[in-house]
Amino acid sequence: MDKYMDAKKRNEAYNKYVKAKIPKTKAWPSLFNSFLVGGIICCIGQGINDLILLWFPNMAEQTAWAYTLIVLIFIASFLTGIGVYDKIGKFAGGGSIVPITGFSNSITSPALEFKHEGIIYGICVKMFTVAGPVIVSGVVASFIVGVIYLFI
Amino acid sequence: MYTNQTVIFKNKPVIIGSYSIVGPKEGKGNFGPYFNYVMKDDTFGEKSYEKAEMKMEKTAIVGAIEDAKIKASDVNLLLAGDLLNQIISSSYAARDFDFAFLGLFGACSTMAESMAVAASIIDGREFDTIVCSTGSHFSTAERQFRFPLELGNQRPPTSQWTVTGAGACVISSQGKGPRITMATFGKVIDYGVNDVNDMGAAMAPAAMDTMLAHFRDTKTTPDDYDLIVTGDLGKLGSEILIDLMEDQGIKLGLNYNDCGQMYYTRNQNTLSGGSGCGCSATVLNSYIIKKLRTGEYKRVLFMPTGALMSTTATQQGETIPGVCHAIVLECDDSVKDVKTSTTSNRNVQNKPKKTERQSISKSNEDKLKSKV
């Protein structure tokens, strides 16, 4: 028992020491990069939305939003396929993960990675390994909101 | 209290051949000029990265046998391992060879583990020629342990870059080349680190434990070695090891270094350095063995570390245990003599006397033998 306690103490001390030793990432440059790239992606999205409304003046605004998202998802998937999106991600961090393009990247990249295991067991099964939790939390959240909405 | 962990070989098995093959990124690294073969493309002409890793290991084994100038039929046994589940690269590479196979798993410490086991078997005069091999591939390791390649995420500064490469060597009871004189088998050590992106910190205590056991069992000090080299602790891990050893009262000097830390140049953006089985295997089978053959290094303590983790265990909240095996490599006696005679010209006059003495003692031995 003593030996176990000793090991526990030793591990705590060691982890504390390691934590102090780890080089810290600089917060401000990372934040700036995320803000810049995230902002650019949003501007592109707004630009696409405006263009759609310009070309199809009779379209409802909500439908235009849906089309904008589809175009953004396609662009991100395409950039993932040609191996550019991961380089953007390395620079931008959260800036390219939070917008819908990040979601698209997180589905396309496992699909590409596991294509050698076949269409069903490779692509279909592994496609949601990264994005799965996001989809599940989205569904659960909408369920809770729906229940609350029912009673109010 | 302490049990002996070190084997001191009486017959000193010889490394008669070695071969290293690496990916394009590794070829541009600091050890680039020393490798036998640098691939132009990291798929190596195969359909998947796993297949490329198998082909790499196969190439390394064939290359090492060719380098040893022996026939494949002379080989008794293949000892190999890698990082993938069920060590597929090694066992699938082994199916194309006509000799016995023993699969080993020591994560990134596999090179030293296989060489220590091979040397022990040869020293016992059971087998004559054994091939040791291991390899890793950046893309297969990323897929198994981390995220898909094209996912746009950032790596923390402690993370390391798995080396794409494979190394193999042929160990025999006789021949010319660097000799394996000692081996220290390591214990599994866990200091409760659970950050999968910080392997250096998880493995450094294992390196410390094996190093202490080695110095204790062999009664040597760090100064007895021209080079003490760990496998893939990386920049952070090797700094931690230096601190840990200092706490134990042993100071590691300039002769200590880490393969992972030395592997890539600063511009290659690999954060804490290289890792993986291939990291220590390719450095040993190119740079270190070449320097031992020329006599530039006389005595090297090679001690790669391995993190014995799986994604299942860490996801279930387990910490990361580490292991470290050490082997001592010494340059051939003939090379040693050449070097000492060229460097110490002052003692030239004394030299003939020594050889005379040796010849006298040898003739005495002959007399004794003839009497018997």
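Values computed for the structure shown
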item: Scan of the range B:173-221 for residues that are more than 14 Å from every other protein chain (Cβ to nearest Cβ) and among the small types (Gly, Ala, Ser), ordered by number; result: B:Ser173, B:Gly175, B:Gly177, B:Ala183, B:Gly186, B:Ala213
item: Residue match in the range A:136-147 (condition: farther than 30 Å from A:Thr25 by Cα, surrounded by fewer than 20 Cβ atoms within 10 Å (Cβ to Cβ) and either within 13 Å of chain B (Cβ to nearest Cβ) or of a type in the set (Phe, Trp, Tyr) (or both)); result: yes
item: Subset of the range B:138-193 [in a strand (DSSP E or B) and either of a type in the set (Val, Ile, Thr) or free of Cβ contacts under 8 Å to residues at least 40 places away in the same chain (or both)]; result: B:Thr162, B:Val170, B:Ile171, B:Ile180, B:Thr181, B:Thr184, B:Ile189
item: Flag if B:Asn267 is part of a helix (DSSP H, G or I) and at pLDDT below 90; result: yes
item: Verdict on B:Ile240 being away from chain A (no Cβ under 12 Å) and among the aliphatic types (A, V, I, L, M); result: no
item: Condition check for A:Lys90: in a helix (DSSP H, G or I), among the charged types (D, E, K, R), within 12 Å of another protein chain (Cβ to nearest Cβ) and out of contact with any Phe, Trp or Tyr (no Cβ under 9 Å at 6 or more places or on another chain); result: yes
item: Search result, residues across the range B:248-270 that are farther than 16 Å from B:Arg216 by Cα and without any contact (Cβ under 8 Å) to a residue 24 or more places away in the chain; result: B:Leu254, B:Arg266, B:Asn267, B:Asn269
item: Selection status of A:Leu72, touching a helix residue (DSSP H, G or I) at 6+ places or on another chain (Cβ under 8 Å), more than 8 Å from chain B (Cβ to nearest Cβ), assigned to a helix (DSSP H, G or I) and buried (at least 17 other Cβ atoms within 10 Å of the Cβ); result: yes
item: Residue under evaluation B:Gly45, criteria (1) surrounded by fewer than 16 Cβ atoms within 10 Å (Cβ to Cβ); (2) more than 22 Å from A:Gly122 (Cβ to Cβ); (3) not hydroxyl-bearing (Ser, Thr, Tyr), criterion not met; result: (2)
item: Elements of type helices (runs of 4 or more DSSP H) contained in the range B:17-132, each with 1 or more residues being more than 21 Å from the chain's Cα centre (by Cα), closer than 30 Å to B:Ile320 by Cα and in contact (Cβ under 8 Å) with a residue 24 or more places away in the chain; result: B:49-67, B:88-94
item: Residue match in the range B:240-260 (condition: assigned to a helix (DSSP H, G or I) and of a type in the set (Ser, Thr, Tyr)); result: no
item: Pick from the range B:243-276, criterion among the small types (Gly, Ala, Ser) and surrounded by fewer than 21 Cβ atoms within 10 Å (Cβ to Cβ), ranking: nearest to the other protein chains (Cβ to nearest Cβ); result: B:Gly249
item: The range A:97-110 residues that are over 16 Å from A:Thr129 (Cβ atoms), paired with ones that are assigned to a helix (DSSP H, G or I) (beta carbon under 6 Å, 6 or more apart); result: A:Pro99/A:Ile41; A:Ile100/A:Leu69; A:Ile100/A:Leu72; A:Thr101/A:Ile41; A:Thr101/A:Leu72; A:Thr101/A:Ala76
item: Any hit, the range B:187-198, residues being basic (Lys, Arg) and at pLDDT below 90; result: no
item: The range B:141-167, subset within 14 Å of another protein chain (Cβ to nearest Cβ) and within 21 Å of the chain's Cα centre (by Cα), residue nearest to B:Ser114 (Cα to Cα); result: B:Ala141
item: Flag if A:Lys16 is in a loop (DSSP other than H, G, I, E, B) and either within 14 Å of chain B (Cβ to nearest Cβ) or surrounded by fewer than 11 Cβ atoms within 10 Å (Cβ to Cβ) (or both); result: no
item: Breaking point among (1) assigned to a helix (DSSP H, G or I); (2) among the β-branched types (Val, Ile, Thr); (3) facing chain B (nearest Cβ under 10 Å), for A:Val130; result: (1)
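The values are calculated or read from the model by the stated rules, or taken from the named source; none is laboratory data. Here the structure is a predicted model, which is why all the values come from computation and not from measurement. With ideal geometry, Cβ positions are generated from the backbone for all residues, glycine too; neighbour counts draw on all protein chains shown.
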